[in-house]
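For reference, the structure discussed in these notes is given below.
The values are calculated or read from the model by the stated rules, or taken from the named source; none is laboratory data. If you're wondering where the values come from, they're calculated on a predicted model, not measured in any experiment. So basically every Cβ, Gly included, is an ideal-geometry build from the backbone, and we count neighbours across all protein chains shown.
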């Protein structure tokens, strides 16, 4: 990892320059927090801006990419954190009960209630919380996260509609079943795949 984000020392004016890095996606945020941000902070930038070419990954995948646990996603953790901070835990409980009810229905009738976890907050609020969560306490630089929007993704890839990890709009009813089961697993403390 150190070689991927290596930079020539002396190219950043300490305490003055901002450093922008581009990542293909930010799923868990652990690599940024544990190594990349610390390594880049040694250069002394005033601010580190992480630009993600993908929107916030908010929902599990069940069509080939092994991303089945909601609790692994930093965007989900940020939304839960914001709900708790704003005394909105009732939304978490309501979504849990709705998801449990969904799992009793035929798959074709299920809907994605996990979208309600994100609904009270703008994408910017969630991005700001992610930046706060992944910033190591022992670095000096300010950290900002900028995600591509879902709208700009659609504009960039007009003939490709696979955006369910970002939007929660699954192309098959099985996706809704996976997201409901994933949320129930999260709430019940089961660290297991949802399919």
Conditions (1) modelled with pLDDT under 95; (2) surrounded by 15 or more Cβ atoms within 10 Å (Cβ to Cβ); (3) part of a loop (DSSP other than H, G, I, E, B); (4) touching a helix residue (DSSP H, G or I) at 6+ places or on another chain (Cβ under 9 Å): number failed by residue 59: (1)
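Residue check: is residue 139 surrounded by 13 or more Cβ atoms within 10 Å (Cβ to Cβ) and within 17 Å of the chain's Cα centre (by Cα)? Give the steps one after another, and end with the answer.
Numbers: surrounded by 13 or more Cβ atoms within 10 Å (Cβ to Cβ): yes; within 17 Å of the chain's Cα centre (by Cα): no.
So residue 139 fails the test.
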Residues (in a helix (DSSP H, G or I) and either over 17 Å from the mean Cα position of the chain (by Cα) or closer than 22 Å to residue 168 by Cβ (or both)) located in the stretch 127-136: 127, 128, 129, 130, 133
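Being surrounded by fewer than 18 Cβ atoms within 10 Å (Cβ to Cβ) and within 19 Å of residue 191 (Cβ to Cβ) narrows it down to one of 29, 15, 71, 64, so name that one. Step through it out loud before you land on a result.
Working: 29 fails: surrounded by fewer than 18 Cβ atoms within 10 Å (Cβ to Cβ); 15 fails: within 19 Å of residue 191 (Cβ to Cβ); 64 fails: within 19 Å of residue 191 (Cβ to Cβ).
Checking each option against the conditions leaves just 71.
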Just to verify a result, which residue in the stretch 153-174, among those that are at pLDDT 95 or above and outside any loop (DSSP other than H, G, I, E, B), is farthest from the chain's Cα centre (by Cα)? 167
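Look at the stretch 34-51 and say how many of its residues are under 21 Å from residue 152 (Cβ atoms) and surrounded by 20 or more Cβ atoms within 10 Å (Cβ to Cβ). Steps first, please.
Step one: filter the stretch 34-51 for residues under 21 Å from residue 152 (Cβ atoms), giving 49-51.
From what's left, surrounded by 20 or more Cβ atoms within 10 Å (Cβ to Cβ): 50.
Adding up the residues that qualify gives 1.
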Under the condition of being touching a residue at least 40 places away in the same chain (Cβ under 8 Å), in contact with a strand residue (DSSP E or B) (Cβ under 7 Å, 6 or more places away or on another chain) and not in a helix (DSSP H, G or I), which residue from the stretch 28-50 is nearest to residue 148 (Cα to Cα)? 50
Going through (1) outside any loop (DSSP other than H, G, I, E, B); (2) in contact with a helix residue (DSSP H, G or I) (Cβ under 9 Å, 6 or more places away or on another chain); (3) farther than 30 Å from residue 39 by Cβ; (4) modelled with pLDDT under 95 one by one, residue 184 fails only at (4)
